[in-house]
């Protein structure tokens, strides 16, 4: 069965979050238009890059975040529609909207679902701020290699196999 595609002309809510303990978290981007909610799984690094890119785009735009941290929780029930493979952002300066296009991660040769939504500058500022906190709440980085500290007994690659 094919994954559902969506096209939300104007998102009424956009947030991100993670479920599970550090090191085993699943990250989500959640978009809502009216009563319809799409919860898309993505990698931690994809969420981090989304926040960084939004901050770059919005650095010189005057607006206030439309949502506070308390409003940014993922909405239950959390049902994963599909996993994000790629995303692109575009800024409509005239309308002051961020346009987001998402493509499902699928095996080579298969067609993935697509997602598209537009959100206000304020919504995306709130998302960027919140996403930074979600990413930072995970495992602390290793002081030697910068990768996450593996609490399951892994060894830092810079230790060359030594403990």
(message) Helix 121-136 against the longest principal axis of the chain: what's the angle in degrees, Cα atoms only, rounded to the nearest 10?
(response) 10
(message) To test your reading of the geometry: what angle, between 0 and 90 degrees and rounded to tens, separates the Cα axis of helix 44-58 from the longest principal axis of the chain?
(response) 50
(message) Using the basic label-point model (7 angstrom from Cα toward the beta carbon), what is the residue 48 to residue 60 distance in nanometres?
(response) 2.8
(request) Describe numerically, in nm with one decimal, the distance between label points set 7 Å from Cα along Cα→Cβ at residue 12 and at residue 108. (result) 4.3
(request) Could you tell me what % of all Cα pairs in the range 49-116 have separations over 15 Å? (result) 68
(request) Wrap a convex hull around the Cα atoms of the range 1-80, take a quarter of its surface area, and give that in square nanometres. (result) 6.9
(message) With N set to the number of residues, divide the alpha-carbon radius of gyration of the chain by 2.2 N^0.38 Å and report two decimals.
(response) 1.13
(message) Taking 20 °C and 1.002 mPa s as the conditions, I'd like the Stokes-Einstein D for the range 37-80 in µm²/s, using the Kirkwood hydrodynamic radius from alpha carbon pairs.
(response) 168
(request) Please work out whether the range 18-59 counts as rounded, prolate or oblate from its C-alpha gyration tensor, where a ≥ b ≥ c are the square roots of the eigenvalues and a/c under 1.5 means rounded, while otherwise a/b larger than b/c means prolate and anything else oblate? (result) oblate
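Each value in this text was obtained by applying a stated rule to the coordinates, not by laboratory testing. Just so we're clear, the structure is a prediction, and the values are computed from it rather than from any experiment. Because the Cβ atoms are built from the backbone with ideal geometry, glycine has one as well, and the counts that use them run over all protein chains shown.
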